[in-house]
């Protein structure tokens with residue numbers, strides 16, 4: 001007999017009540033336990049006072065909300081170490097909201113309007129990556145940079161560096177391939193769990209954030225280098241690369 005499993009708990013935040021009702025029913029059929037909120041204040045209340053016996057596994061968060069915007073909610077969430085992964089819903093073609101969301105720590109984004117099946121696929125990909133980070137794994141070390149996947153902890157010269165889930169996974173992929181070029185397509189698939197789409201600059205945003213946060217400025221530090229037309233390379237001591 002199969003062991004019973006607890007369904008993943010998802011908070012869906014959108015002011016479109018008809019949409020949230022439809023998605024709550026659809027996601028429920030797909031095996032998720034869904035609660036809803038319709039403005040930023042309500043979302044933060046649910047997120048800061050979760051049920052102790054059943055914490056949230058993921059938040060689907062619309063950018064455009066009455067009162068406090070989705071970006072405000074995301075900014076507040078990222079001050080908490082125990083915050084769940086966040087998938088942002090953005091207006092199609094609105095690159096500013098998407099980029100700002102990624103910079104603030106969103107794990108992925110999905111433009112509106114979208115197919116509910118794609119939403120389910122994105123949710124499962126984010127949850128799968130979050131689960132993989134909890135699995136036992138040996139720390140990865142390169143020069144002053146150390147990444148501990150089991151503890152979701154990154155340090156540079158012993159000092160902790162706060163990374164979002166997506167940034168952590170991008171860095172992990174680059175570390176495991178240190179000294180070799182990883183294409184943007186490979187990074188998107190391995191780190192974000194989806195195919196690279198036309199005009200999708202998510203990986204570039206995550207890499208830019210990593211460079212800023214890691215601040216690997218010494219001449220012998222590993223560097224994340226962009227290789228024109230090929231992808232990204234995390235250098236090892238003695239490697240040579242080109243921007």
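Here, each number is a calculation from the coordinates, and none is a lab measurement. Small disclaimer: the values here were computed from a predicted structure and weren't measured. Cβ: placed from backbone, ideal geometry, glycine included. Neighbour counts: every protein chain shown.
Panel order for 213, 195, by other beta carbons found within 10 Å of each beta carbon, from fewest to most: 195, 213.
Run lengths n ≥ 4 of DSSP H only: what is the helix-derived mean residue ellipticity at 222 nm for the chain, with -39500 (n - 2.57) per run over all residues, to the nearest 500? Could you put the intermediate results ahead of the total?
Numbers: 8 runs with 88 residues, N = 243.
Calculated at 222 nm, the ellipticity per residue is -11000 deg cm²/dmol.
Set the Cα radius of gyration of the stretch 135-234 against 2.2 N^0.38 Å, with N its number of residues, and you get 1.02.
Between residue 215 and residue 197, the contour length at 0.36 nm per residue exceeds the alpha carbon distance by 3.6 nm. With neighbours defined as other Cβ atoms within 10 Å of a residue's Cβ, the residues 228, 184, 129, 75 order from fewest to most as 228, 75, 184, 129. Considering only Cα atoms, the convex hull volume of the chain works out to 139 Å³ per residue. Taking only the Cα atoms of the stretch 9-133, the ratio Rg/Rh comes out at 0.92, with Rh defined as the Kirkwood radius. The residues 206, 38, when put in order of fewest to most other Cβ atoms within 10 Å, stand as 38, 206. Approximating the spin labels as points 7 Å out from Cα along Cα→Cβ, the residue 6-to-residue 91 distance works out to 3.9 nm.
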